[in-house]
Every structure is written in structure tokens, then in C-alpha cells.
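First up is the structure itself, then whatever we jot down about it.
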Amino acid sequence: MYQALTDQNLIKEIIDGGILSPQGFLCGGVHAGLRYNKLDLGMIVSETPGSCAAVYTTSHFQAAPLLVTQESIAKEGVLQALVVNSACANACTGEQGYQDALKMRSLAALKLGIPEHHVAVASTGVIGEFLQMEKIEAGIDNLEIGKSDNDAEAFQTAILTTDTVMKQCCYSAVIDGKTVVIGGAAKGSGMIHPNMATMLGFLTTDAAIDSKHLTMALKEVTNTTFNQITVDGDVSTNDMVLVLANGAAGNAPLNPEHPEWPIFLELLKESCASLAKQIAKDGEGATKLIEVSVKGALTNEEACIVAKKIAGSNLVKTAVYGADANWGRIIGAIGQSQATVNPKTVDIALGPINMLKLSTPIAFNEDEAKDYLMNDKVQIFVDLQVGDGVGMAWGCDLSYDYVKINASYRT
């Protein structure tokens, strides 16, 4: 379905678009003083209340903002705003942390003149530290929202931590004769191994769709996008992907019975995949994006398992960093995956260079392989030849700088 839809150009990328490209949204960012000299508090607002969907970290230690956001959504299934801070995760902070997240929500609601349960809350940063609520309160009071490119950039900058670049995306499709747009912004660089990392993803859309079906769609595409990236194998306390849909495009409400439901699914998938790959590429200390494509697995799920095992292998990641075409590292990762593997039928290619055919080595030019591994993007192709399952995963190489960054994260 994905290939067919993109071949027909039904999904279009809006190169300079982002979180404000869909109709009816505003955002902004401000320096509240949580960080020394960077923007650190942001807000997204829909002009009208709308549908929403979210997925969260599977960590046992879900941070207080996630608990408050879940409570907001459970109340009515409607959101109109999101407030998010960087520098402090407000995780593992007990009852005070929970009350602080509630206060953050109420301050945003008061500023906007909307019900508290129409506000979602998110935080990212150091675990185990309390929010400086006087700075949060002043920051929310001073925060200005708008529709300009500067407003979008301010929001995207405010949510970053060790990220080196902003992550944004925008795609559109025609549904019911109406142009439907999805825009996105994300942060994430370390503690990235989602089952849902310190990873936050926010998407806005002017599609008309109720929260139940939006949740169904988000959960489906998350499994093959955000949940298929890995930087360091560590799951965060604060991961969340949140979608706001205000219906401003004017299409007929989307649901699985709608004839163009598959187009919306692909639109959402393309948006999530773009953000996911940008997060993987910007892994802490990373110099290269690793994209793993697996086919011939027993099922799509097993293909995804194998792909993520390869992308997450420290030995594969260090080999890519060192431009060492050691396909044995890939075999090692496949061999320990929880998937059906016939040890006599595996094919491996590094980009255009075939290295293994039916589990038998193929002679290749080492210099050519080394040159390929010097690229910013490295593709690994695996064919297990035990079924029809396909899957992909994304990661990054592992450099000396990863250790430097994380050895001094709090300083």
C-alpha cells in the first residue's frame, strides 16, 4: 500500500512546512530561565478544540507530565493546547512532581482561557530534578504564540536538549477533494529505544477525524516508525507522541470505512517516519544514519524485530562508524534476534554491495565497501528467505562523542 500510494503521488511533501502548516494552529517558544541562554518553554494551540491521540513510553517510571496528559485526554477525548518544557524531565519526582505538572497545565489553561483538561503537558531533560515553578509560571505568562515561521522555529528550539538540529516535517494529501495537511516537530537524540527515549513528537493536522479513530491510526503507524528507531538501547521516562486534529480541512470524518482511509494512514505514516528518521540521524555523537531493510521474514513483525536488532547492535554501529565492512557483525545481530531464521538462506548487502548469498560469503572490493561506509546514510539489506514479511528500522553509528556527551550530561 505504501509504495503504491507514493508512486501515485497521493502523498506530497511540503519542503518548508512544519507544525503550523495545517490550518488553525498557533505556537511559540520562550526563554523561561530553565536553561542558561536557550529557549526552554513552548506551546502549541489549536484555534478550536479538537480530536487527539497519544502514545507513551512503556517505562515503569512514566513521568508526571505523561500522567497528567493521560488524565486530560481521558476526561473528554478533546485537546486544544500543549505546553512543554525542556531542561527538566519532571520524572521520578513523586507527589510534588505530579502537582507541578498539574500546575503547569492550569497555568496554560488560564492563559488561554480554556478548560484545564483541554491542555496536554510534556517535559524533557534531567530525571530526578524538580521543576522551577516560578520560572515556569513567568515563562507561560510571557510566552507569545503566533503563526509565523519564527513562531514555529521558537517552539521547535524550545523543546530541544542535546539535539544538534531541529526536527520538522510536513505532508499533504487530497481527501474528499480537500487538501489535508499534517505537520510535525520532534526532539530526541539520546535515550532512544522506543517502545515509544528521551523522545517527544508532536503532530498537528487539519483533518476531520474523531479521537477514537485517530488513536487507532497513531498506534498502527507508531509500530513501524517511532518504535523502529534506536540510538543507544535505553528507554526514557518521558517519551510521548501526540497528535492534535482540528477538522479545519473540511473533509468528511475519517474512519476505517471511509474510502480514503488508507490515504490518511499513509499520510500519518510518512509524517511519523520522517520525524523518526531525523531523530535517529541526530543520535548523540552520531555521524551517520543507518537504515536497515529486512525482507523474507516469516511475518512483518519478525522482520521489524530483526531490523531493529541490527540497527541497535553496538558492534554494527561501531563498525559503521569505523567504515569497517564486517558483515559478521550483522550476522551476529540476526543470530540473537527472536525471529525465525534459516541459517542456510540469509542474504546480506551493504548498499549496492552484496556480501552474503544463501549464507555463503561473496567476494567484494574492500575499498569500495569502505568508500560506501563513509556516506552520511548507510543502508543494510537483509533477505531471510523464510517468508514474505518485510520491515525497516533506523539507527545511527556509535562514536567517541556519544561517551563524551553522556559522561557529562548534567554538567
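The values are calculated or read from the model by the stated rules, or taken from the named source; none is laboratory data. Everything numeric in this text was worked out from a predicted model, so none of it was measured. Please note: Cβ atoms are built from the backbone with ideal geometry, for glycine as well, and neighbour counts cover all protein chains shown. In case anyone asks, the SASA skips ligands and DNA or RNA and just uses the protein heavy atoms, side chains included. Shrake-Rupley method; radii C 1.70, N 1.55, O 1.52, S 1.80 Å.
Structural remarks
- Qualifying residue in the stretch 388-410 (condition: assigned to a loop (DSSP other than H, G, I, E, B), among the basic types (Lys, Arg) and either within 29 Å of the chain's Cα centre (by Cα) or surrounded by 20 or more Cβ atoms within 10 Å (Cβ to Cβ) (or both)): yes
- In the set 201, 183, 188, 146, only one residue is over 30 Å from residue 255 (Cα atoms), surrounded by 24 or more Cβ atoms within 10 Å (Cβ to Cβ), touching a strand residue (DSSP E or B) at 6+ places or on another chain (Cβ under 8 Å) and not basic (Lys, Arg); that residue is 188.
- Scan the stretch 261-282 for residues that are open to solvent by less than 50 Å² (accessible area, probe 1.4 Å), of a type outside the set (Gly, Ala, Ser) and closer than 20 Å to residue 213 by Cβ and the total you get is 10.
- Restricting attention to the stretch 131-156, the residues being part of a helix (DSSP H, G or I) and among the basic types (Lys, Arg) number 1.
- Tallying residues that are touching a Leu at 6+ places or on another chain (Cβ under 9 Å) and either surrounded by 23 or more Cβ atoms within 10 Å (Cβ to Cβ) or assigned to a loop (DSSP other than H, G, I, E, B) (or both) within the stretch 157-167 yields 5.
- Out of 53, 64, sole residue that is among the small types (Gly, Ala, Ser) and closer than 18 Å to residue 41 by Cβ: 64
- Among the residues making up the stretch 8-24, those that are open to solvent by less than 100 Å² (accessible area, probe 1.4 Å) and over 21 Å from the mean Cα position of the chain (by Cα) are 9, 10, 23, 24.
Every residue, every condition in (1) over 20 Å from the mean Cα position of the chain (by Cα); (2) polar (S, T, N, Q), yes or no:
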site	(1), (2)
27	no, no
30	yes, no
86	no, yes
103	yes, no
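- Considering the stretch 198-227, and only residues there that are more than 19 Å from residue 25 (Cβ to Cβ) and β-branched (Val, Ile, Thr), the residue that is modelled with the highest pLDDT turns out to be 215.
- Subset of the stretch 121-143 that is within 23 Å of residue 92 (Cα to Cα) and out of contact with any strand residue (DSSP E or B) (no Cβ under 8 Å at 6 or more places or on another chain) - its residue that is surrounded by the fewest Cβ atoms within 10 Å (Cβ to Cβ): 134
Residue by residue, here is whether (1) under 22 Å from residue 171 (Cβ atoms); (2) open to solvent by 20 Å² or more (accessible area, probe 1.4 Å) holds:
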site	(1), (2)
26	yes, yes
31	no, yes
35	no, yes
38	no, yes
49	no, yes
61	no, yes
68	no, no
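- Note on the stretch 168-180: residues that are farther than 15 Å from residue 253 by Cα and open to solvent by 10 Å² or more (accessible area, probe 1.4 Å) total 3.
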